[in-house]
Structure formats: C-alpha cells, structure tokens
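S.K.: One structure, pasted below without further comment.
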Amino acid sequence: MPELLLQILITLVKIVALTFMVVLPLVPISVYFERRFCAIIQDRVGPNRTGIPLTLLGFKKDFHLFGLVQPMADGLKLFLKEDFTPAHVRKAFYWLAPALTVAPALITVCVVPFGSPISIFGHTEKLVIADIDIGPLFVYGITLAGWSSNSKFPFIGGVRSTAQMISYEISLGLSIIPVLLYFGELNLGKIVQMQAENGWLLLPFWKNGHFALPDLQTALFWIPAFIAFLIFTISIFAETNRMPFDLPECETELVGGYHTEYSSMKFALFFMGEYAAMVIGSALIVTLFLGGWSAGFTLDKYIQNLHIGDFHFGGLVHLVIFVTKLVAFILFFILVRWTVPRFRYDQLMKLGWVIFFEAALINVFLAALILAAPQLTGLILGIGAVLLIVVTAAVIWVAKVSEEHPKPLRA
C-alpha cells in the first residue's frame, strides 16, 4: 500500500511538472516568439513597447522587459473580459467545445517521453507520465464549436474543419506506419531509446554508442522515412489549424470562423488549444523522427552516467535537449506561418486526397518491401518492386487524368 501511494504521488508530481511547468508555459512563450519572429520577418517593431507605464507614477522610464509583459497582459485581458454567451447558441455543446479543443493536446502529453530515466537514492523514475504502448491520438472540438454556435460563419468553419480533418487525418495516420514498422514498437519511450542507441530515424550514423555508416537496408529505409516525415509534418500544420491551413477560421472569408461567437476565457481556450497543439505536434515530430530527448552523436551514454552521489541527473540534461529541439521546431512552425500564403480550400482537399493519401499509402508498401527484403527471394522481391512501380505509375496517371483543366474563354 505505501508503494502504491508513493507511485500515485510520483505520477501527480510528473503531471504537474511536465504539463503545467513545461508544456503550458510554452504556450505564452510561443505567442511571444511568434510576435517577435513575425516582426523580424516583416521588418517592423515587435511587442517591445508593451510594459508597465511607470512614467505615470513619476519614474523616468517605463518597465518594458523586452515585451515579456505582453503574454501576461493577454492572459489578464482574456480572464477579465465579459464572458458573453449569445442567446441563440446550443449552450451545452457551446460550453463543451473549447474544452474538447484543449484536452486532447494535454492528454497527448502523457505519452511523450521528455527525457531518459533519472535515479535518486536507488529509485529510478522515467520522465514520462504514462509509459504505455499507444500511438498519437488526435481529437477535435472545432466542429462542435461551429455547429453549437448556431451562426452562419462559425458553422461554415466547422464544416470546413470536418472536411479538412478527414482529408489529412488518413494520410497523417498512414505516414507513421513506416516508422512503427521500422521500430516494431508503439511505445514512444522505447522508440526514442532505440534512436539514442542506433541513430535517429533521419540521422542513422551511429550504432551502440559508436559512429558507424548505416547498412544498406537502413540507408534505403531513409527514403520512406523522409517521405513519412514530410507528410506527417505538413499534416500536423493542418492539424493545428495554422497557416497555410487555417481555413476553418480564416478572417478574410469567415470573420473568425468557428470561434466567432466566443469571448473571454472560452475564446482563450481555443487560442491556447492551437498553441498547445503546436507544441505537442512538434513534440511528436521530434520524438518519432529526430531522436526525442537523445543528444545524438554518441553523447547519450555519457549524459546518462552523469551523477552527483546517488543522484543520476542525466535525464534532466536530456529534458533540456528535448525542450531545445521543441523550441526549434516551434520557431519553424512560426516561420512557415509568416512566409507561406494560405491555400485555397480546393487546393487543400486536393493535397490531402489526391497527393498525400496516395503517397502515404505507397510509402507504406515501399517501407514494408525494404524491411522484408532480407527474408524474400530475388524473384518475389523483383515482383514486389515491379508491382510497386506499376501501382505508383497508375496512381499518378489517375491523379493527372482526374484533374480538371480550366476551359478556354471564347471571344
């Protein structure tokens, strides 16, 4: 019984530490990064004027702190705004939708390994809340928000989200099948450990703590791994509803889309859900393709042995490495948002159904053929390669034939 209580206490500490002290603080930090980054890209002044106006109290200078007061001001503003609920909405679903947007991102945090195990007083604990065999899980409340608002523009945004979700969710799921086939695991912690020992999936240049060129099979598998990385990353952009795939809320067509009728903290939950999804999406990309907490380059075996007495703190160093990779990918998300223009809706549908779905499906067969090659005879391997080429050519032909060409205008 004492051991059970201790395990419950440790789990609660990990939930508070990893969710409320690592992930959630990254949300306002991401907002700050976004404003400063876009200011640099657009060559304009960022939020470095926001601060506490101490000059009104007789001081010589205001307190700016590089604009870091801005995220606190945003939170205070949204918290204190009037929480208005329109009379025409479906109230139960209207209130439920914001929670369904934030909850999946926070639930997904449970299975992401943030670092290698740490040990203190002979007790070893993994830096993951729930070390279970589970794949990435995505659920959305945007459709419910658009429908429950009982208003035109939010409803259109919700319908768009439904069609958008179906179009890229299939390719999103198919894109990680080659990764799972390669590692033979659904446990994200074990996947990261394998990458720490044998090279990251996209950088397989060491094995068992020593630099080594990849064998032929590993080198060939880099092709489907890179294709999976591209499809998964671009699908995550659509999953987070960020430019260039922010069609359910694009202000040029739908005012604000699915959250038009929301205000105060309910709107803040949608806002927080978008950035939390961006953080978790980046965490999944880093975990599956870029080694997770692994420093790489054969450094992990030295980091894991760092200790002061009985306290082995290498896992905390790995936590810093993981967060560094995470922040780098968040900056990449921000860079894409402010440099790539918004897709048209038909372009997004075509990208999801005509390109990504077929590419992800063919990529699964390519990965399976490469992994099974050592166990296949030359004849069967040749037949499989020919069939793969024929199917790929047929899919490309069908996609080109089905493409509509604009009719020439008559004089």
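Derivation of every value follows stated rules applied to the coordinates shown; laboratory data play no part. Because the structure is predicted, anything quoted here is derived from the model rather than measured. Positions of Cβ are backbone-derived with ideal geometry, glycine not excepted, and every protein chain shown enters the neighbour counts.
S.K.: Based on the Cβ-Cβ distance from Ile383 to Ala212, what FRET efficiency comes out when R0 is 30 Å, to the nearest 0.05?
M.R.: 0.40
S.K.: While we're here: Mind sorting Trp353, Trp200 by how few other Cβ atoms lie within 10 Å of their own Cβ, fewest first?
M.R.: Fewest-to-most ranking of Trp353, Trp200: Trp353, Trp200.
S.K.: Mind giving me the FRET efficiency for Val13 and Leu203? R0 is 41 Å, r the Cβ-Cβ distance, nearest 0.05 is fine.
M.R.: 0.80
S.K.: Note down the nm distance, to one decimal, between modelled labels 7 Å out along Cα→Cβ at His88 and at His64.
M.R.: Label-label distance for His88 and His64, simple model: 4.6 nm.
S.K.: Same structure, new question: Taking other Cβ within 10 Å of each residue's Cβ, how do Phe84, Phe289, Phe66 sort, fewest first?
M.R.: Phe84, Phe66, Phe289
S.K.: Defining a contact as two alpha carbons under 8 Å apart and six or more residues distant in sequence, what relative contact order in percent does region 288-396 show?
M.R.: 16
S.K.: Right, something else. Between Ser119 and Phe311, what length comes free when the chain is fully extended (0.36 nm per residue of separation minus the Cα-Cα distance, one decimal in nm)?
M.R.: Extra length available between Ser119 and Phe311 comes to 68.6 nm.
S.K.: Using the number of other C-beta atoms within 10 angstrom as an exposure proxy, rank His318, His210, His64 with the fewest first.
M.R.: His210, His64, His318
S.K.: Give me the one-decimal nm value for the distance between modelled label points at Lys301 and Phe332, 7 Å along each residue's Cα-to-Cβ direction.
M.R.: Placing both labels 7 Å beyond Cα along the Cβ direction yields 2.8 nm.
S.K.: Where does the charge balance sit around Tyr275 when Lys and Arg score +1, Asp and Glu -1, over other residues with C-beta under 11 Å from its C-beta?
M.R.: Numbers: positive: Arg242; negative: Glu34, Glu274.
Net local charge, Tyr275 excluded: -1.
S.K.: While we're here: If we sort 292-302, 7-17 on the protection proxy, mean other Cβ atoms within 10 Å, highest first, what's the order? Provide the component values of the computation, followed by the final result.
M.R.: Values: 292-302: 19.7, 7-17: 12.5.
Those peptides, ordered most packed to least, come out 292-302, 7-17.
S.K.: Hey, rough spin-label estimate for Trp95 and Leu4, points 7 angstrom out along Cα→Cβ, what's it come to in nanometres?
M.R.: If labels sit at Trp95 and Leu4, their model points lie 3.5 nm apart.
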